[in-house]
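The values are calculated or read from the model by the stated rules, or taken from the named source; none is laboratory data. It should be emphasised that the depicted structure is a prediction, and the values quoted were computed from it without experimental measurement. A quick note on method: Cβ atoms are made from the backbone with ideal geometry, for glycine too, and the neighbour counts reach across all protein chains shown.
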Amino acid sequence: MKPLQDVVVIDFSQFLSGPSAALRMADMGAQVIKIEKPGSGDICRELYVSDIKIEGESTIFHAINRNKQSYAADFKNPADLARIKQLLAKADVMLHNFRPGVMDRIGLDYETVKAINPLIVYGEVSGYGNEGPWKDLPGQDLLLQAVSGLTWLTKNESDNPTPMGVAVVDILAGTHIAQGILAALYQRGITGKGALIQVSMLESILDFQFEVLTCFYNDGHQLPVRSSVNNGHAYISAPYGIYKTMSGYLALAMGNITALAKLLSCGGLLVYADSTDWFVKRDEIKAVLAKHLETKSTEYWLSILDPADIWCAKVMDYDTLVKEKGYKSLNMEIKVKTSNGLSIKTTRCPIRIDGEIFTSDVGAPLLGEHNKQIEKQFGLIA
């Protein structure tokens, strides 16, 4: 039995943040009922991030909405709204990521839903929170990366601010709202009371940067300074970064420069024997090291560094990664089937409980596919 086997989640969220949280709960056994607008559904169905489509819909939609049920309902239709409220009366969790005020206008705000179901755990994800001058701004991943300071941590000092190559804010906010919901479900089991769980994308991405922000807060508000060359982290000394080799790239984490000089036969590093120089003169050190590492292949350097327990790794792209034994041993890939029988390969839930991996072969639902099934299960009437 999966840990959330008897939990019913009514999910109004769209795109990535809320749906990623609902996906994790579905992976762990919850029945996730995705409420979608008739005709168009979740905007993620049509939001293409590449030229690859699955059954005419976004690949991301299929990846993040597997193992869920779709219930098509129009908030503006009184009969549909009444059915939604009947669902909520029997649900354990409600989740949405609309802008502040939207659910109030619809009539599904926390106080209203709480009156219908006092045991409900009500989760909401916003872009910037429910108060302050930014509360009505669009909660979009790139924009949150931009305003949060995150884009000033990547690439070298002279380079433009650079966002991460994934929707990190969305996924982090989804992770945090899922954590809050699970904590509230545990609390409900003790107190018999539901709860309102709120997460903003801005708070999530600020928490993600707690390491560098704590330095900023306590260092006279000195801004983080990226390395001029081979930047890896604003607050970590040389050799931390990624280096080009004759055959590819090599990542080096924290390390002893003197030890590296001897292991790599890099005489130019020997002058930096004082460990205080490893940060103060990190750009000089990295420049010397970068030039030296280009003379041999990544595999050659790894053959020296790995046996010496130096923290390093080959920089891989996806094509290289999926061929590695270390990747294959994780069994991260699963195949799910759409309702039309199309097989799709995606990633599985990364959580193991008592050694068990949670998988399901159920793909993302068709829009409104489960209306009749859900109405029968919950005894819905107009």
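Observations, loosely collected:
- Cβ-Cβ under 9 Å pairs, at least 6 apart or on other chains, the range 23-49 side closer than 22 Å to V121 by Cβ, far side of a type in the set (G, A, S) and assigned to a strand (DSSP E or B): I33/S70; K34/S70; I35/S70; I35/A72; E36/S70; E36/A72; D42/S70
- L196 in contact (Cβ under 8 Å) with a residue 40 or more places away in the chain, of a type in the set (A, V, I, L, M) and exposed (fewer than 13 other Cβ atoms within 10 Å of the Cβ): no
- Scanning the range 213-229 for residues that are in a helix (DSSP H, G or I) and either in contact with a helix residue (DSSP H, G or I) (Cβ under 8 Å, 6 or more places away or on another chain) or in the same structural domain as V280 (by TED's automatic domain parsing) (or both) gives a single hit, L213.
- Evaluated against (1) crowded, with 23+ Cβ neighbours inside 10 Å; (2) within 18 Å of the chain's Cα centre (by Cα); (3) not in a loop (DSSP other than H, G, I, E, B), I10 falls short on exactly one condition, (2).
- Filter result for A115 (in the same structural domain as P163 (by TED's automatic domain parsing), under 21 Å from K376 (Cβ atoms) and aliphatic (A, V, I, L, M)): no
- Extreme residue, nearest to L150 (Cα to Cα), among residues of the range 160-199 that are of a type in the set (S, T, Y) and assigned to a helix (DSSP H, G or I): T175
- Failed condition for G232, given (1) part of a loop (DSSP other than H, G, I, E, B); (2) out of contact with any helix residue (DSSP H, G or I) (no Cβ under 7 Å at 6 or more places or on another chain); (3) surrounded by fewer than 18 Cβ atoms within 10 Å (Cβ to Cβ): (3)
- In the range 40-96, the residues that are surrounded by fewer than 16 Cβ atoms within 10 Å (Cβ to Cβ), aliphatic (A, V, I, L, M) and touching a strand residue (DSSP E or B) at 6+ places or on another chain (Cβ under 6 Å): L47
- Considering the range 325-349, and only residues there that are among the polar types (S, T, N, Q) and either part of a loop (DSSP other than H, G, I, E, B) or not assigned by TED's automatic domain parsing to the domain that holds I52 (or both), the residue that is nearest to S360 (Cα to Cα) turns out to be T338.
- Listed by first and then second residue, the pairs with beta-carbon distance under 9 Å, at least 6 apart or on different chains, first residue in the range 316-340 and touching a residue at least 24 places away in the same chain (Cβ under 8 Å), second in a helix (DSSP H, G or I), are V336/H62; T338/H62.
- Residue within the range 171-181 that is without any contact (Cβ under 8 Å) to a residue 12 or more places away in the chain, assigned by TED's automatic domain parsing to the domain that holds E124 and surrounded by fewer than 22 Cβ atoms within 10 Å (Cβ to Cβ) present: yes
- In summary, helices (runs of 4 or more DSSP H) completely within the range 242-298 and bearing 1 or more residues that are in contact (Cβ under 8 Å) with a residue 60 or more places away in the chain occur at 282-293.
- Checked against the criterion of being of a type in the set (A, V, I, L, M), under 22 Å from the mean Cα position of the chain (by Cα) and within 16 Å of P163 (Cβ to Cβ), the range 129-143 contains one or more residues that satisfy it.
- Scanning the range 101-147 for residues that are farther than 18 Å from K193 by Cβ and among the aromatic types (F, W, Y) turns up Y128, W134.
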